[in-house]
Amino acid sequence: MRRLITMSSIIVMFVAGCAGKGDVTLGDLEKQAFEDLRAEIRMAIDDEERETRAIALVDELAEEMESLRLLKKERQDRGRKLNANYDTSRAEFDAFVSSSDAGIRLNQQRILELRKAFIATTTPEEWGQISAARTDAISAAIKSTHSI
């Protein structure tokens, strides 16, 4: 089953690499990656209550990752607009950067807290199985937020 999950991630990434512009989006890759992670959780965790909690944490993590990407994209767009406006003062630009960075740091902190809660929900053996099956797509999704 793990091979199937990993293979589906590789296929999604291959399609993304070979597709024309806009055919497979980063959102599609992330969605598949989180589905793969949920499937691995269902296989690794035998306790129904902990499985449900772990999947809920993954759902929250997916939302926070999307939020982080949107925050970074918004910062990039707004920063370009401010930079293009010659009337923007240094104080305005600094205030924007400070506010934007604070929002991103809070989001990143929530992601780290969710990760810690997720790990705490699993046994060491379960965590080892789940983390070993972490797909290339999830790694790509994480890297994508760093590239914005």
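Restricting attention to region 40-49, the residues that are crowded, with 17+ Cβ neighbours inside 10 Å and in a helix (DSSP H, G or I) total 3.
Within region 53-60, is even one residue acidic (Asp, Glu), surrounded by fewer than 14 Cβ atoms within 10 Å (Cβ to Cβ) and farther than 24 Å from residue 139 by Cβ?
no
Close Cβ contacts (under 6 Å, 6 or more residues apart or on different chains) running from residues in region 25-52 that are free of Cβ contacts under 8 Å to residues at least 12 places away in the same chain to residues that are part of a loop (DSSP other than H, G, I, E, B) comprise 51/45.
Taking into account only those residues within region 114-135 that are among the aliphatic types (A, V, I, L, M) and either farther than 16 Å from residue 35 by Cα or buried (at least 17 other Cβ atoms within 10 Å of the Cβ) (or both), which is modelled with the lowest pLDDT?
Of the residues in region 114-135, the ones among the aliphatic types (A, V, I, L, M) are 114, 117, 119-120, 130, 132-133.
Filter once more, so that each one left must be either farther than 16 Å from residue 35 by Cα or buried (at least 17 other Cβ atoms within 10 Å of the Cβ) (or both): 114, 117, 119-120, 130, 133.
On the way: 114: 94, 117: 96, 119: 92, 120: 95, 130: 88, 133: 69.
Only one residue fits best here, namely 133.
Filtered by the rule that a residue be at pLDDT 85 or above and among the acidic types (Asp, Glu), region 8-63 gives 35, 36, 40, 46, 47, 48, 49, 51, 59, 60, 63.
The values are calculated or read from the model by the stated rules, or taken from the named source; none is laboratory data. Keep in mind that this is a model prediction, so the values were computed, not measured. With ideal geometry, Cβ positions are generated from the backbone for all residues, glycine too; neighbour counts draw on all protein chains shown.
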